[in-house]
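First comes the structure, then the notes that go with it.
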């Protein structure tokens, strides 16, 4: 296992602890660990899309904010000609090498960012109301349904939101360097609903 993968499998949230009002909590928070995260970039030509499909079993989402399922993982549209591939319990370094071999001849690039991102899964009926305290985008289910993603601000922290198929459940991706400040703000905002911290989700 590479150093980057060892980092990705350790907690980024040193101050993530159950608050005093965890009993009967309406919001559940859990850290997601041991995920391979790779930024894939390149012009979405048919050849590039075919190489990604052959390597990852994943399509490249073409529309802003869309997500394509990839086995147990997903590929998220994060910008023009850029995607974030998420592989639960994957080896980021090995995937990076495999993808680079397939995509570099086609003008594509791949960067393993597993060690640089931290992920929280937040769920519960008031989760969109909670996130709306910090995020300037419309998070109503009609505007941000399951299967959508968006890069936005959480206060002053950059965050990537992914609305999952499970009802009222979102994965939140943030730089590891901001993980504690992010968790502190999230727990403070969730206090009025009651929040609990669940065991980490590994893989």
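Any read-out appearing in this document is the output of simple, stated calculations on the displayed coordinates, not a laboratory observation. Given the structure is predicted, the values throughout are model-derived calculations rather than measurements.
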Inset, instruction - Let me have the relative contact order for the stretch 41-120, percent, based on Cα pairs under 8 Å that are six or more residues apart. - result: 27
Legend entry - Ratio of Rg to Rh over the stretch 18-86 (Cα coordinates, Kirkwood Rh, two decimals): 1.19
Legend entry - Convex hull volume per residue in cubic angstrom - Cα atoms of the stretch 114-203: 100
Legend entry - Between the stretch 69-97 and the stretch 111-188, the Cα center-to-center distance that results, in Å: 18
Legend entry - Net lengthening on full extension, residue 133/residue 167 (0.36 nm per residue, minus Cα-Cα): 10.3 nm
Legend entry - Choice from 142, 50, 175 showing the highest fluctuation, given a GNM over the chain with Cα pairs closer than 10 Å: 142
Inset, instruction - Please give the contour-minus-distance gain from residue 66 to residue 11: 0.36 nm per residue of separation, less the Cα-Cα distance, rounded to one decimal in nm. - result: 17.0 nm
Legend entry - Residue-averaged [θ]222 nm for the chain, counting only DSSP H segments that reach four residues, each worth -39500 (n - 2.57): -6500 deg cm²/dmol
Inset, instruction - Quote the relative contact order of the chain in percent (integer), defining contacts as alpha-carbon pairs under 8 Å separated by 6+ residues. - result: 32
Inset, instruction - Would you mind estimating how fast the chain diffuses translationally, via Stokes-Einstein at 25 °C and 0.890 mPa s with the Kirkwood radius over Cα pairs, in µm²/s? - result: 142
Inset, instruction - Using only the alpha carbons, work out the radius of gyration and Dmax of the stretch 32-148 in angstrom. - result: 15.2, 47
